[in-house]
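A.B. asks: Structure incoming, see below.
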Amino acid sequence: MDFDVTAAWHVASPYAFLSRLRREQPVFRSEHLGAYVLTRYADVRAAYGDPRRFSSRGSLTISRSLTEETRAKLGEHGSFLSSFVANVDPPDHTRLRRSVSRAFTPRAVAALEREFRRLNEELLDRVEPRGEADFVTDLGHEPSVRLTAGFIGVPAADEAFVQARVKDWFQLFLSPQPPERQLELAGSFLTYLDYVDRLVARRRDEPREDFVTLMTRSGLAHREVVELISTILLGGNDTVPNQLGNSVHRLLREGLWPVPDELLAGAVEECMRIDGASLGSFRYAAADVELHGVTIPRGALVLLSSDSAGHDESVFPDPERFVPDRPNADAHLVFGYGIHFCVGAALGRLQLRTALEVLGRRLPYLRLTGGAPSYRRSLVGRGLTSLPVAWTRT
């Protein structure tokens, strides 16, 4: 058996496979991915923290599954993300991260919490009377999408456009697609880049109180700002909503709904550990790396499987059991580790806690109504495509 992102089990339930790898082949060469895979917690964490041996430079630059025709259509934008903070090593990484961190002060994050709470309450005012919905399409995305758009500086009228283009971007670079679909998605992606490019240029001439304006004043190059904005929009439009959907699905299955206040923070961490929206990150071996009797040659692509690390028995006893007050649940690696620890981690955690608190209070009788859920196919992300729920008292 190999990693196979076209198979349903790969995203939905790979844990028996990953457990066997941790025991028998902790450094695994995946022919399907064209990469070595690190599966043990200690190795994944050490690799995250060692950019001298496991380089981020170029690790996100382009999907290796794109056809030559698609690459030609993308042209220079095939190297998109070449200057994004998660795709470079120091000293560029240090300079970029310092600029981004200026926007995530405790005061700024607290203001975003108030706005995010308002957006969730407003959405529920509209949806609650219906008594049922698809959590993914009707409840899980809108507040995060709107919060991110407002924070970045995307006009409200453009939110739907940006959300659709971000989804296309994810499919193009991080999910296997047939050649014809690749070309279609590439066209959408180029339209998206053009939009962000024009937004950044407009804020240089017409500054406002938003993240785009802050970054245009940070000393970063125009392309660096465009890539930064484009990628942060991915987190708010995709990663956080996916983690919320995964978390609600898990909590309902475990019968922990609504989540008691005293368990909320721990339950959020345990949901990320056991059903993380981020499955891992790619790196390149900057030198020959000897690990568990395997030589990873210099230049080889390496997947750091945070998904497997979160289920490592040596760190998380009985890892397939959901324990909302697990003492070390927050040791998961969903946000990465070391210099590449996600700069928006505090905001992501805040959004998850806030959404679950508001949803639990407003919809205390929330329950699943569909059959087995389906997951989208992806190299690096876990997200539900649908989650039917109802909340009328029975």
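Read the figures in this text as sums done on the coordinates, not as results from a lab. Model, not experiment: these values are computed from the prediction. Because the Cβ atoms are built from the backbone with ideal geometry, glycine has one as well, and the counts that use them run over all protein chains shown.
A.B. asks: Can you find, among ALA157, VAL289, VAL259, the residue farthest towards the positive end of the dipole of the range 8-390? Put +1 on the C-beta of Lys and Arg, -1 on that of Asp and Glu.
C.D. replies: VAL289
A.B. asks: Further, regarding this structure: Just the number, please: Stokes-Einstein D of the range 267-394 in µm²/s, Kirkwood Rh from C-alpha pairs, 37 °C, 0.692 mPa s.
C.D. replies: My calculation gives 191 µm²/s for D.
A.B. asks: With point charges of +1 on the Cβ of Lys and Arg and -1 on the Cβ of Asp and Glu, referenced to the Cα centre of the chain, which listed residue (LEU119, LEU350, ALA390) lies farthest in the positive direction of the dipole?
C.D. replies: In the chain, that residue is LEU350.
A.B. asks: Further, regarding this structure: Multiply the residue separation of ARG118 and ARG181 by 0.36 nm, subtract the distance between their alpha-carbon atoms, and state the gained length in nm to one decimal.
C.D. replies: Net length gain for the segment: 18.9 nm.
A.B. asks: Let me ask something else. Of LEU304, LEU183, GLY276, which is farthest towards the positive pole of the range 8-390's charge dipole, taken about the Cα centre with +1 and -1 on the beta-carbons of Lys, Arg and Asp, Glu respectively?
C.D. replies: Positive-most Cα among the choices belongs to LEU304.
A.B. asks: Quote the FRET efficiency, to the nearest 0.05, computed for ALA42 versus TYR365 with a Förster distance R0 of 45 Å and r equal to the Cβ-Cβ distance.
C.D. replies: Computed FRET efficiency for ALA42 and TYR365 comes out at 0.55.
A.B. asks: Using amide H atoms built 1.01 Å from N in the peptide plane, name the residues 5+ places from ARG29, or on other chains, whose amide H lies under 5 Å from its own.
C.D. replies: Amide H neighbours of ARG29, under 5 Å, 5+ apart: VAL37.
A.B. asks: Right, here's the next one. Multiply the residue separation of ARG130 and GLU31 by 0.36 nm, subtract the distance between their alpha-carbon atoms, and state the gained length in nm to one decimal.
C.D. replies: 30.9 nm
A.B. asks: Right, another one. Based on a Kirkwood Rh over C-alpha pairs, give the Stokes-Einstein translational diffusion coefficient of the chain at 10 °C and viscosity 1.306 mPa s in µm²/s.
C.D. replies: Stokes-Einstein gives a translational diffusion coefficient of 73 µm²/s.
A.B. asks: Same structure, new question: With labels modelled as points extended 7 Å from the Cα through the Cβ direction, what inter-label distance (nm, one decimal) is found for ASP194 paired with GLU206?
C.D. replies: In this crude label model, ASP194 to GLU206 measures out at 2.0 nm.
A.B. asks: What order do you get for 130-136, 45-51, 264-270, 176-182 when each peptide is scored by the mean count of other beta carbon atoms within 10 Å, highest first?
C.D. replies: 264-270, 45-51, 130-136, 176-182
A.B. asks: Go ahead and run the numbers for FRET between SER386 and TRP9, Cβ-Cβ distance against an R0 of 22 Å, rounding to 0.05.
C.D. replies: For R0 = 22 Å, the calculated efficiency reads 0.75.
A.B. asks: Between the alpha-carbon centers of the range 192-230 and the range 234-280, tell me the distance in whole angstrom.
C.D. replies: Spelled out, the Cα-based centre of one part sits 32 Å from the other.
A.B. asks: Taking the simple approach of a point 7 Å from Cα along Cα-to-Cβ for both PHE161 and VAL109, what is their distance in nm?
C.D. replies: Computed distance between label sites PHE161 and VAL109 equals 3.3 nm.
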